[in-house]
Amino acid sequence: MENYKVLAALFIIEIEQKNPPLNRIFSINDKGKRVLNDKTKAVKLVKNEIKNLLSRYGKNTVKNILGVYNKELKINGLDMYIEIFKTTFMPFYIEINNAYKMDLERKTNNATLLKNGNELIKLAYNFIQSYDYIKITIGLAILTGRRTSEILKTANFEVIDSSHVFFTGQIKQNDNLGYKIPVLFNSKIIIESLEKLRIMKSYNSIEEVNFREASVLNKSVKQLLKKWSKTLKMHDLRRVYAFVCYHYVFNKEAKENGRQTFDGYTMEILGHKIIKSGESYRILEVEM
């Protein structure tokens, strides 16, 4: 698996070498709609890059790669290319989104049920007090609901009380503001476990975390938690956390400021930008 930043850098070098003019990139068709002018060199450059990426990766992976491209293009003052990539790849974005909606509907109507949830939470307690970085990472994912990259690289917790911490370091967020989250074990022990994990494992970037650990951790979750389900992945542990918090441990707290829904509470504790994101968290349920 290649470093996507390297791919982006190579593309930027190609732009600098060919230096195509950026005038008349968009034109207005006979219906008055703004469209790309396929005859311009810049558009041809982008379309060829997308074609090459799609010949090597799936559409979902290319979508993620383009996210890296956009960041690098912006850093280099090449914002117009971000717009060209977005417009060119739009049919694939729509296709990916429609497929996601269909898959989500199917899973929501056939939700995974995990039984003996109390036992799973207790196992997470034991995991974070071990000296196995894989078990610590899995345990923290269950008890804090944070993403793999956050646990292994970016997350920082500060004690608020025994069952809440102030979390900073969310990766899918445009600002650096933190927020209060509930935790499913003593907050001081959770912070100590995270500090221990950071001593054991160190990474240069989020990309390195994903490259080195994503597959390893998903396989470990399937092996270590197969008693509950043979199909669990790391991201499902975020769903376990949200369900247990809302329906069992923090339900009263969630209802303090009105009849807050599961989607609304999920948005609050997971830092989602829109309430609709909570829909994908209803495909898994936990029975304690």
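The values are calculated or read from the model by the stated rules, or taken from the named source; none is laboratory data. Note that this is a predicted model, so its numbers are computed, not measured. Virtual Cβ from ideal backbone geometry, glycine too; neighbours counted across all protein chains shown.
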Where in segment 11-120 are there strands (runs of 3 or more DSSP E), lying fully within it, with 1 or more residues that are farther than 24 Å from Leu232 by Cα, among the charged types (D, E, K, R) and out of contact with any His (no Cβ under 8 Å at 6 or more places or on another chain)? 34-36
Tell me whether segment 257-273 contains one or more residues that are within 30 Å of Tyr4 (Cα to Cα), at pLDDT below 85 and surrounded by 14 or more Cβ atoms within 10 Å (Cβ to Cβ). yes
Could you tell me whether segment 115-135 includes any residue that is within 30 Å of Lys71 (Cβ to Cβ), hydrophobic (A, V, I, L, M, F, W, C) and surrounded by 13 or more Cβ atoms within 10 Å (Cβ to Cβ)? yes
Which pairs have Cβ atoms under 6 Å, sit 6 or more apart or on different chains, and link a residue in segment 190-206 that is farther than 18 Å from Ile171 by Cα to one that is in a loop (DSSP other than H, G, I, E, B)? Ile190/Val183
Of everything in segment 183-242 that's touching a strand residue (DSSP E or B) at 6+ places or on another chain (Cβ under 8 Å) and part of a helix (DSSP H, G or I), which residue is surrounded by the most Cβ atoms within 10 Å (Cβ to Cβ)? Val240
Residue satisfying condition, being more than 18 Å from Asn126 (Cα to Cα) and touching a helix residue (DSSP H, G or I) at 6+ places or on another chain (Cβ under 9 Å), within set Ser205, Ser220, Ser163: Ser205
Considering each of Arg34, Arg24, Arg56 in turn, give the residue that is exposed (fewer than 13 other Cβ atoms within 10 Å of the Cβ) and under 20 Å from Glu207 (Cβ atoms). Arg56
Hey, Ala242 hits all of (1) out of contact with any helix residue (DSSP H, G or I) (no Cβ under 6 Å at 6 or more places or on another chain); (2) modelled with pLDDT of 85 or more; (3) farther than 17 Å from Lys135 by Cα; (4) not aromatic (Phe, Trp, Tyr) but one; which does it fall short on? (1)
